[in-house]
Amino acid sequence: MNETLLLQKGQAFLALQPFSVLRGAELHGLKRGHCELHVPVNPKILQQNGFVHGGMVSYAADNAPTYAGETLLDWAVVTSEFKINDVRPAIGERLIARAEAGYAGKTQAACRCDVFVVVNGVEKLCAVAQGTIARLPVKSSQT
């Protein structure tokens with residue numbers, strides 16, 4: 001599948017996720033083993049100190065690797081585990097999560113993700129994550 005069709009398919013899947021739609025998440029890049037996801041920052045996702053809430057940073061760090069992995073595992077996937085390290089408070093206008101699959105087998109992909117916050121047009125790293133994306137079992141017609 002070419003990159004344009006892959007991105008369109010990914011955007012269609014993102015549109016089916018109510019939480020992603022609620023947060024205004026946008027898929028900006030998708031190719032085999034790679035994903036770029038953007039999330040706009042607004043006051044409703046900030047915590048009491050004015051930083052983007054860690055749950056939103058984690059959302060980006062979870063969802064982008066899932067897309068990177070699913071391009072290699074045929075789209076029926078879930079995150080089976082992930083770890084995140086916050087390296088600076090996310091203060092800015094937009095989150096950008098860039099993920100790549102470092103390994104993909106038949107049933108799982110190991111992915112890493114860098115999450116940036118955009119401040120006055122400049123990207124600043126705010127978190128790094130890694131996780132495992134697992135293929136869902138194929139449903140048989142007899143279940």
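The share of C-alpha pairs in the chain whose separation exceeds 26 Å stands at 22 percent. To the nearest ten degrees, helix 3-15 and the longest principal axis of the Cα atoms of the chain are 70 degrees apart. Cα centroid separation, segment 44-97 to segment 1-20: 17 Å. Among the trypsin sites (Lys or Arg not before Pro) in segment 1-84, those located in a DSSP loop and surrounded by at most 15 other Cβ atoms within 10 Å of their own Cβ are Arg32. If R0 equals 22 Å, the separation of the Cβ atoms of Leu136 and Ala15 corresponds to a calculated FRET efficiency of about 0.65.
For segment 61-107, the set of GluC sites (Glu not before Pro) satisfying both a DSSP loop assignment and a count of at most 14 other C-beta atoms within 10 Å is given as Glu93. Per residue, the average separation of C-alpha pairs within less than 8 Å and at least 6 apart gives the chain a relative contact order of 22 percent. Round to the nearest 10 and give me the degree value, 0 to 90, for the angle of helix 54-73's Cα axis relative to the longest principal axis of the chain. Orientation of helix 54-73: about 30 degrees from the principal axis.
Take the Cα of His53, step 7 Å toward its Cβ, do the same at Val122, and the gap between the two points is 2.9 nm.
Bear in mind that the values in this text are calculations on the coordinates, not laboratory data. Everything quoted here is computed from the prediction, not taken from an experiment. Reconstructed Cβ throughout: ideal geometry from the backbone, glycine too, with neighbour counts over all protein chains shown.
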